[in-house]
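Before any comments, here is the structure.
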Amino acid sequence: MEDYGVTGARVDLEVTVDLPQEKLWELITSVPRIGDWSPECRFDNWVDGDAAPKAGTRFQARNNRQGHEWTVTCQVTEVETPRTFAWEVLDPKGDPDAPSSRWRYELTPGETPDQTVVRHSFEHGAGHSGLRDIIAMDPDHASAILNGRLGELRAHMEQTLDAMTRDHIPTPQH
């Protein structure tokens with residue numbers, strides 16, 4: 001099967017949010033709550049118990065996009081409190097060396113103690129994915145399909161961060 005530029009395709013996002021790093025860390029690692037904020041992910045749950053995330057911990061996510069629903073298993077690959085949280089979406093074979101995708105949050109202090117710089121990234125892996133299936137059905141439009149999906153992912157990443165932080169920004173006291 002041809003790759004059509006899918007493997008290694010990336011979205012990188014950097015934004016500053018008005019939350020302290022520790023509070024944002026608490027939110028991004030609250031895996032069961034991601035469905036509350038994401039426009040695509042509807043439900044997440046820890047597979048390996050409700051413990052603090054650590055490398056090797058797995059969770060399942062149920063996603064919904066354009067009326068199509070699917071469930072994926074993810075494996076945490078890196079945890080450095082309160083700086084780095086990363087995971088892989090495993091393809092149906094479950095091979096961590098060929099995941100469907102890789103996701104990563106990197107948090108650094110902002111200009112004030114109540115701000116955090118967020119670097120959020122997505123990278124398509126070498127494993128099977130719905131995107132590969134869609135492109136295989138219409139290979140003449142592979143570039144447009146890939147770029148459209150990357151744009152959609154960027155928008156969803158921005159929307160998720162916005163929703164995640166919106167309800168947690170302290171209100172000024174009068």
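For the pair residue 23 and residue 141, label points projected 7 Å from Cα toward Cβ lie 4.4 nm apart. The simple spin-label model puts a point 7 Å past each Cα toward its Cβ; for residue 119 and residue 162 those points are separated by 2.4 nm.
Out of every Cα-Cα pair that the range 35-132 contains, those further apart than 16 angstrom amount to 62 percent. Computed about the Cα centre, the dipole magnitude for the chain is approximately 200 debye when only Lys and Arg (+1) and Asp and Glu (-1) carry charge, each at its Cβ. Solvent exposure of the range 25-174 amounts to 54 Å² per residue of accessible area, where only protein heavy atoms count and the probe is 1.4 Å. Protein heavy-atom surface of the chain, 1.4 angstrom probe: 48% of the accessible area is carbon and sulfur, with nucleic acids and ligands not counted. Over all other residues within a Cβ to Cβ distance under 15 Å of residue 131, the charged ones net out to -2, with Lys and Arg as +1 and Asp and Glu as -1. Rounded to the nearest whole Hz, the Karplus-based 3J(HN,Hα) values (6.51 cos²θ - 1.76 cosθ + 1.60, θ = phi - 60°) of the range 160-166 follow the sequence 5, 4, 4, 5, 4, 8, 3, with x at glycine and proline. Distance from the alpha carbon centroid of the range 105-152 to that of the range 18-91 works out to 15 angstrom.
Sequentially through the range 40-48, phi angles give Karplus couplings (6.51, -1.76, 1.60; θ = phi - 60°) of 10, 7, 9, 7, 10, 7, 5, 8, 9 Hz, Gly and Pro residues having no value and appearing as x. Computed with the Debye formula from one identical point scatterer per Cα of the range 4-54, without solvent, the log10 of I(q)/I(0) at q = 0.21, 0.28 Å⁻¹ comes to -0.98, -1.09. Using only the C-alpha atoms, the convex hull of the range 86-160 corresponds to 102 Å³ per residue.
For the range 1-87, the Kirkwood estimate of hydrodynamic radius, built from reciprocal distances between every pair of different alpha carbons, is 14.7 Å.
Once both labels are positioned 7 Å from their Cα atoms along Cα-to-Cβ, the gap between residue 84 and residue 154 label points is 2.5 nm. Computed 3J(HN,Hα) for the range 89-96, one whole-Hz value per residue from the Karplus formula 6.51 cos²θ - 1.76 cosθ + 1.60 where θ = phi - 60°, is 8, 7, 7, x, 6, x, 7, x, glycine and proline marked x. Which one, 68, 142, 4, projects farthest toward the positive side of the charge dipole computed for the chain from Cβ point charges (K/R +1, D/E -1)? Among 68, 142, 4, the one farthest towards the positive end of the dipole of the chain is 68. Once mean projected area of the Cα convex hull in nm² is calculated for the structure shown, the corresponding label among [x] 11.0; [y] 9.9; [z] 12.8 turns out to be [x].
The values are calculated or read from the model by the stated rules, or taken from the named source; none is laboratory data. A quick note: this is a predicted structure, and the numbers were derived from the prediction, not measured. Note: ideal-geometry Cβ built from the backbone for every residue, glycine included; neighbour counts use all protein chains shown. Only protein heavy atoms, including side chains, enter the accessible area calculation; ligands, DNA and RNA are left aside. Shrake-Rupley method; radii C 1.70, N 1.55, O 1.52, S 1.80 Å.
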